[in-house]
């Protein structure tokens with residue numbers, strides 16, 4: 001059985017040694033979901049991590065209870081930003097463009113707030129933005145602690161949002177599946193049709 005190594009602070013330390021005052025890790029959640037918004041977060045820690053953050057890891061391998069617990073610690077001890085792209089925009093321009101747009105919005109927001117600082121961004125995934133001071137890292141949420149932290153913040157935020165939306169759009173079990181294409185969700189689409197927060201750009205009619 002493979003054991004998962006915790007992400008490290010090495011990337012951040014190296015950039016700090018090069019003169020970057022703030023190093024933000026960034027990740028998004030909800031890209032492959034059938035319903036609901038796209039959410040991305042950015043997290044920046046101080047040079048030394050405080051106690052209680054040693055359990056930070058890729059949000060996908062943590063339990064929901066553990067993510068909730070760790071997210072509270074991160075929010076207390078780090079600079080955190082979150083951005084949302086609503087379903088109307090996803091259906092209008094497609095998820096690929098939205099994935100690029102959400103990071104661009106986050107970067108702009110952070111740079112505007114920290115104009116006097118030298119900032120670098122570590123972003124999970126393949127490069128899709130040509131801009132200075134960005135480093136894209138494939139599977140960054142399993143390698144870089146600030147990216148892993150961003151994945152936790154974004155995941156907890158979006159999960160809570162989907163639970164709330166599940167109370168409005170009933171019958172799809174959004175509280176449990178968070179909009180992803182589980183068997184139950186697919187059967188619900190066949191039975192109920194699409195609701196207002198489904199991604200029509202995903203051609204979900206194939207499940208009818």
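Quick note: the coordinates plus some simple rules give every number you see, no bench work behind them. Source: prediction; values computed, not measured. We place every Cβ from the backbone using ideal geometry, glycine too, and count neighbours over all the protein chains shown.
Laid out as a table, the results:
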{"item": "Inter-site label distance for residue 10 and residue 196 at 7 Å from Cα along Cβ, in nm", "result": "4.9 nm"}
{"item": "Residue among 177, 160, 112 with the largest mean-square fluctuation in a Gaussian network model of the chain, springs linking Cα atoms under 10 Å", "result": "112"}
{"item": "Helix axis angle, 64-77 relative to the chain longest principal axis, alpha carbon, degrees", "result": "40 degrees"}
{"item": "Helix 95-113 vs. the chain, principal-axis angle (Cα, 0 to 90°, nearest 10)", "result": "40 degrees"}
{"item": "Residue among 64, 154, 78 with the largest mean-square fluctuation in a Gaussian network model of the chain, springs linking Cα atoms under 10 Å", "result": "64"}
{"item": "In degrees, nearest ten, helix 183-192 long axis to first principal axis of the chain (Cα)", "result": "50 degrees"}
{"item": "Residue 184-residue 88 pseudo-label distance in nm [points 7 Å out on the Cα-to-Cβ vector]", "result": "3.1 nm"}
{"item": "Identified option (computed Cα extents along the principal axes in Å; candidates (1) 46, 36, 36; (2) 57, 37, 31; (3) 52, 41, 36)", "result": "(2)"}
{"item": "Contour excess over end-to-end distance, with Cα ends at residue 164 and residue 126 and 0.36 nm allotted per residue", "result": "10.5 nm"}
{"item": "Rounded to 5, percent antiparallel among DSSP beta bridges of the chain", "result": "55 percent"}
{"item": "Tensor-based shape of the range 69-135 (alpha-carbon gyration tensor, a/c under 1.5 rounded, otherwise prolate or oblate)", "result": "oblate"}
{"item": "Residues 105, 199 arranged by fewest to most Cβ contacts within 10 Å", "result": "105, 199"}
{"item": "Added length on full extension, which subtracts the Cα-Cα distance from 0.36 nm per residue, residue 18 to residue 176", "result": "52.5 nm"}
{"item": "Candidates 98, 195, 80: whichever shows maximal mean-square fluctuation once the chain is modelled as a Gaussian network with Cα springs under 10 Å", "result": "195"}
{"item": "Fewest-first ranking of 13, 106, using other Cβ atoms within 10 Å as the exposure measure", "result": "13, 106"}
{"item": "Sorted by Cβ density within 10 Å, fewest first, the residues 124, 164, 116, 58", "result": "116, 164, 58, 124"}
{"item": "Contact order relative to length of the chain, as percent, for alpha carbon pairs under 8 angstrom and 6 or more apart", "result": "32 percent"}
